[in-house]
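Accompanying notes for the structure given below.
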Amino acid sequence: MDPPFEEKYKSLLTNTTLLSKDKDYVIMSDYEEHELPIIDLHRLTLSFSEREQCVKEIRQAAREWGFFQVVNHGIPQEILEGIQLEQRKAFHHPFSKKAEENILNLPGYTWGNPAATCLRQLSWLEVFHIPLTDISKISGEYKSLRESIEAYTATAEKLAKDLSEILAENLGVSSTFFQENCLPETSYLRMNRYPPCPFSSEVLGALPHTDSCFVNVLNQDQIGGLQLWMNGKWISVKPNPEALIINIGDLFQVASNDVYKSIRHRVLASKQAERFSLAYLYCPRKDAVIESGMKPSMYRKFTFGELTEQNARDVKETGNKGGIPRFLM
C-alpha cells in the first residue's frame, strides 16, 4: 500500500549529514501547541450586530494568523464522513495500482519528490491532486468517490466563496470578481495521505510552503502534525474534530497588499500513525488578473496563470515555489 520511500530514497536516508540546519527544516521533539481562532459562522445569519462581529473576527484572524477554524460552516457531517471514507479507500489500494494503473483515470497521483537531492527536499507524502474540471473522468468502480467529491466540492465552493467575499469587501476588489472568475471548475481538490515514517525525526511530511489560491478549506483528521511559521518559530496546531480550518492563500495576500497573511506551513511526519487531510483550493481562472485594490500597490499585476507557470518552473529548478515575492514591485 505504501510507496517505496525507503527503497527510492535509500541514499538520502543513510546520509543524514545532508540534512539542512535551516530553521525551516530542523525537527525538534517538542513544540508549543496552539488552538487557532474559532469562528461560529452561524452568526452570519443572525442580527446585524452579530453578523458584523463575526465578520470582524474573520478579518482579524486573517490579518493576525492567516489561519482560523470555522464551525457551523454549512458542510453536512454526512458529506464530510463520506469523502473521508472514499479518500481512505483510494489511498489503501496497492501501490502498484495507484502508481501504475492510474486508478482515477487522472495524472495527478504523486509521492515523495523525484528531484530530491537531500532530506530537506523530501516529503513523506502521497497525493491525489484533482483539477475540478477532471472530476467526470473518475468512473467505473470509483463512481462512489466521484459522487463524494462532487457533493463535497459543491459545499466547499460555497463556503470558500462566502468567506472570500467577506474578506474582500474592504479591499477595493470588484463585488463581482469571485462570481466571474472563481468558477466551480477552476478550483482544485488535493487529497493527502502521510504514511507512517520511520525517519520522522529527520524527514517532514510536507515541506514548508504557502498555498497558491485565495483561501484553502482544509479538512483534516485528528492525528496532528500541522505547523505554522509564526514570530520566527514553528508552532503546532491543535486538531479540533468539530471544525474545518481556513487559511489565507497567496492571492489574498496580494489583493490585500499584505494586510492578510499567507502563512508558511508544513506537516510533521508521524512514526506510527498515518495521517489524512483534504484541501479545497479556491482558485480563479488562469486569465484572472490578480492585483491590489489598495494603493500604492506592493505587487505588480499578474494573471493566475503566470503565477502557476512560474511556480512550476521554480519547483522544477529548485524544488520550491518562488511564490508571490517574485511579483513584488
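As a quick test, which of the pairs LYS89/LYS286; LYS8/LYS137; LYS98/LYS137; LYS89/LYS161; LYS56/LYS321; LYS8/LYS321 have an alpha carbon distance above 21 angstrom in this structure? Beyond 21 Å: LYS89/LYS286; LYS8/LYS137; LYS89/LYS161; LYS56/LYS321; LYS8/LYS321. Fully extending the segment from ASP40 to LEU85 would add 13.6 nm, taking 0.36 nm per residue of separation and subtracting the current Cα-Cα distance.
As a length-normalised measure over Cα pairs under 8 Å and 6 or more apart, the relative contact order of the stretch 5-287 settles at 25 percent.
If you plug the beta carbon distance of GLU7 and THR308 into 1/(1 + (r/R0)^6) with R0 = 56 Å, you get a FRET efficiency near 0.95. Set against the 2.2 N^0.38 Å expectation for a compact globular protein, the stretch 212-329 has a Cα radius of gyration ratio of 1.17.
Each residue of the stretch 283-290 was assigned a 3J(HN,Hα) from its phi angle through the Karplus curve 6.51 cos²θ - 1.76 cosθ + 1.60 (θ = phi - 60°); the sequence is 10, x, 5, 5, 8, 5, 8, 9 Hz, with glycine and proline shown as x. By the beta-carbon count within 10 Å of each Cβ, the least crowded to most crowded order of SER174, SER201, SER262, SER292, fewest first, is SER174, SER201, SER292, SER262. Among the GluC sites (Glu not before Pro) found in the stretch 193-293, those both in a DSSP coil and sparsely packed, with 12 or fewer other Cβ atoms within 10 Å of their Cβ, are GLU242. The ranking of HIS129, HIS92 by Cβ neighbour count inside 10 Å, starting from the fewest, reads HIS92, HIS129. In a reduced charge model with +1 at each Lys and Arg Cβ and -1 at each Asp and Glu Cβ, the stretch 5-287 shows a dipole moment near 620 debye about its Cα centre. Both numbers refer to the Cα atoms of the stretch 55-168; Rg and Dmax are 17.4, 49 Å.
When the trypsin sites (Lys or Arg not before Pro) in the stretch 258-329 are filtered for DSSP coil states and for at most 11 other beta-carbon atoms within 10 Å of their beta-carbon, the remaining sites are LYS271.
What share of Cα pairs, in percent, lie more than 24 angstrom apart in the chain? Considering the chain, 55 percent of its Cα-Cα pairs are separated by more than 24 Å. Full extension of the segment from ASP287 to LYS158, taken as 0.36 nm per residue of separation minus the current Cα-Cα distance, would add 44.3 nm.
Only the coordinates and a few stated rules stand behind these numbers; no lab work does. Everything quoted here is computed from the prediction, not taken from an experiment. Please note: Cβ atoms are built from the backbone with ideal geometry, for glycine as well, and neighbour counts cover all protein chains shown.
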